[in-house]
Amino acid sequence: MHYNLKLDMRVIAGDAKGKRLKTPKGSIRPTTELVRGAIFSIVQPLIVEEGRVLDLFAGSGALGIEALSRGAGWVDFVESNARHCTVIKENLEITGFASRGKVHCISVEKAMAVLDGPYDLITLDPPYEHSFTVEIMTSLVNSRLVDSSSVIVIEYSCHHALPPKLGRFSLYKDKQYGDTCVSIYRQEVT
C-alpha cells in the first residue's frame, strides 16, 4: 500500500540517531526536532532506563521512537488513523525497533480502557484542534496506566490552557516554542 509520504524527520539522539522517519504528507503535524530534543532533555533524567513508554496520539511515532532510541525498553503506540498506524510500523522497521514496540490502532479512550500500566513515560500529542484535552488528561491521571513514578508529557497549542494540577499530578515544567506548548506533569512527592 502506498501513501503520499515524506522523509523530513530524523531521530535526533541515541541508537537510531540520524535515521529518517516517514510522515504522511499533510495529515499530521509532527513534533519538531527542537521540541523533541527539549522534551527528552527534561524527562530523560526522570525516567528509568529500559522503561515502558506509552505514546498517545502517536501520529508518525516520532516521540515513542525517540524514546526507544534513547534507551526505553518498550513503547506502546496508540493511533486511531489506520494510515498512520502503517507509517509507525514502517518507522519501527526503519529504525530497527520493531521488536520493542507495538502499534495499537485504536482511540486513546479505548487504549485507556484496555492497556495495562503503569508506564514510566506517557506522551500525548493530540491534534491542536482537539477540544477535550483536559478531559483526556484527567482520565489518564486517574487510570491504571500511571503510578507514582510516571511522567506525563503533553504537546499542545498554546491557545489552550492546561491546569497546574491534574488529580495527584502537578505541573513540573512548562515550555513554549512558537505556537507549541509542552507541559510535563509528575506526581507530587509528599
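The table below gives the values:
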{"item": "Any hit, the stretch 63-71, residues being in contact with a Phe, Trp or Tyr (Cβ under 6 Å, 6 or more places away or on another chain) and in contact (Cβ under 8 Å) with a residue 60 or more places away in the chain", "result": "no"}
{"item": "Candidate set from the stretch 22-50 (those that are of a type in the set (D, E, K, R) and in contact with a Leu (Cβ under 8 Å, 6 or more places away or on another chain)); member that is farthest from residue 100 (Cα to Cα)", "result": "25"}
{"item": "Residue ID - nearest to residue 99 (Cα to Cα), chosen from residues in the stretch 51-77 that are crowded, with 24+ Cβ neighbours inside 10 Å and among the aromatic types (Phe, Trp, Tyr)", "result": "77"}
{"item": "Selected residue (only one of 103, 48 is in contact with a Gly (Cβ under 8 Å, 6 or more places away or on another chain) and surrounded by fewer than 24 Cβ atoms within 10 Å (Cβ to Cβ))", "result": "103"}
{"item": "Residue in the stretch 56-67 that is touching an Asp or Glu at 6+ places or on another chain (Cβ under 6 Å), at negative phi and β-branched (Val, Ile, Thr) present", "result": "no"}
{"item": "Residue within the stretch 36-57 that is under 12 Å from residue 95 (Cα atoms), out of contact with any strand residue (DSSP E or B) (no Cβ under 6 Å at 6 or more places or on another chain) and touching a residue at least 24 places away in the same chain (Cβ under 8 Å) present", "result": "no"}
{"item": "Yes/no for residue 124 being out of contact with any Asp or Glu (no Cβ under 6 Å at 6 or more places or on another chain), under 20 Å from residue 12 (Cβ atoms) and surrounded by 15 or more Cβ atoms within 10 Å (Cβ to Cβ)", "result": "yes"}
{"item": "Near pairs, Cβ below 7 angstrom, 6+ apart or cross-chain, from the stretch 164-180 (touching a residue at least 12 places away in the same chain (Cβ under 8 Å) and at positive phi) to any residue that is surrounded by 15 or more Cβ atoms within 10 Å (Cβ to Cβ) and of a type in the set (Val, Ile, Thr)", "result": "167/138; 167/141"}
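For every residue, the table says whether it meets (1) among the aliphatic types (A, V, I, L, M); (2) farther than 23 Å from residue 175 by Cα; (3) not in a loop (DSSP other than H, G, I, E, B).
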residue: 38; (1), (2), (3): yes, no, yes
residue: 42; (1), (2), (3): yes, no, yes
residue: 55; (1), (2), (3): no, no, yes
residue: 59; (1), (2), (3): no, no, no
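Here, each number is a calculation from the coordinates, and none is a lab measurement. Since the model is a prediction, treat every value here as computed from it, not as a measurement. Positions of Cβ are backbone-derived with ideal geometry, glycine not excepted, and every protein chain shown enters the neighbour counts.
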